[in-house]
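Take a look at the structure below.
What follows is calculated from the coordinates using simple rules that are stated; it is not laboratory data. Everything quoted here is computed from the prediction, not taken from an experiment. Here Cβ is always computed from backbone atoms with ideal geometry, including for glycine, and neighbour counts include all displayed protein chains.
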Amino acid sequence: MIDRRFFPTFGIVLAAVTLVACQPSDAHVVQVTARDYAFQVPDSIPSGWSTFRMENRGEEHHFLLLNRLPDGKTFQDYRREVVAPFDSVWHVLKTGAADKAEAGELLGRLLPDWYGSVRPMGGPGLVAPGGVAWATMELDPGTYVMECYVKTTDGTFHTSLGMQRPITVTSESSGASAPDADIEITLSNFQIAVEGEVTPGEHTVAVHFEEHPEFGLGNDVHVVRLEAGTDLDEVVRWMDWMNVDGLRAPAPAVFVGGTQEMPVGYTAYFTIELLPGRYAWISEVTAGDGMVKEFTVR
Ligand SMILES: [Cu+2]
């Protein structure tokens, strides 16, 4: 079974969104620097609530997906048994040797059974060069892999170039609590339901994962700024890594953060700064299934 995540993204520049997120006073902030193509981050962090503050100092868009490995599996197992199948499948898609359905079947055959037990545990969403993305999740102890599978201009996954590394979540607790949110989003198949007012300024968004598709990637949510010339349909197509130009640099618009998938029943938080203008909430692979919602900040 193909459960969740595959790969990649790209870049363009816009105004740097540097925020001082309204985190609780006891927040445990994990500083992450994303470059082309590596994450600079501590090797281990405490369990419980952690807020990832990811600064993009690269020239392409990046995100950070945290995957929890099943007990007994290592980062080396993941690189050897999971990354290789994705690279193979991407190759057949890129060369036109298979369509998306065939590629999905092939991926299902190539991935190890234990891949079905890898759990996506959130992380900062797509963010443009110069931007900062914030995401807060509650994490259990374990071995995790962080990765960004945006693609370079020549179509190589950032994961293949070094944007993939292990991180240990220890049994020591961060002692932090969940942030307060002023916007609530519920993700289901296939709808982004939003409650709260999108006014100019800083907002913390709670994202409730209510439902995921049975196959493929789950539902997540990113925030994209729409300029006068932005074609939202092009952005939707770009969100699917299985499309030849999907997640490939340069991005067709400027992303300002969001959160990666978590299992059903979990809540992730992210903080963004909104300026007057047009935006959209948008999912990665399920954008084309209706997971996109435009909004205007006045
Ligand atoms: Cu990246």
Inset, instruction - Could you name the lysines whose alpha carbon sits less than 18 Å from that of residue 100, not counting residues in the same chain fewer than 8 places away? - result: 151
Legend entry - Cα-Cα P(r), the stretch 29-297, percent of pairs per 5 Å interval: 1, 6, 13, 18, 21, 19, 13, 6, 2, 0, 0
Inset, instruction - Compute the signed sum of charges (Lys and Arg +1, Asp and Glu -1) over the other residues within less than 10 Å, Cβ to Cβ, of residue 206. - result: -4
Legend entry - Relative exposure of 126, 247, judged by other C-beta atoms within 10 Å (fewest first): 247, 126
Inset, instruction - Would you calculate, for the chain, the mean residue ellipticity at 222 nm contributed by helices, counting each DSSP H stretch of 4 or more residues as -39,500 (n - 2.57) and dividing by all residues, to the nearest 500? - result: -3000 deg cm²/dmol
Legend entry - Qualifying chymotrypsin sites (Phe, Trp or Tyr not before Pro) for the stretch 194-238 [loop in DSSP, other Cβ within 10 Å: at most 11]: 215
Legend entry - Highest-MSF residue in the chain out of 268, 98, 38 [GNM, Cα springs under 10 Å]: 98
Legend entry - Ordering of 69-78, 56-65 by packing [mean C-beta count within 10 Å, highest first]: 56-65, 69-78
Inset, instruction - Using the number of other C-beta atoms within 10 angstrom as an exposure proxy, rank 159, 199, 95 with the fewest first. - result: 95, 199, 159
Legend entry - Footprinting exposure proxy for 100, 293 (fewest neighbouring C-beta atoms within 10 Å first): 100, 293
Inset, instruction - Could you grab the relative contact order for the chain? Cα pairs under 8 Å, six or more apart, rounded to a whole percent. - result: 27 percent
Inset, instruction - Count charges around residue 110 for me, please; just the other residues with Cβ under 11 Å from its Cβ, Lys/Arg as +1, Asp/Glu as -1. - result: -2
Legend entry - Local net charge near residue 39, Cβ-Cβ under 13 Å (Lys/Arg +1, Asp/Glu -1): 0
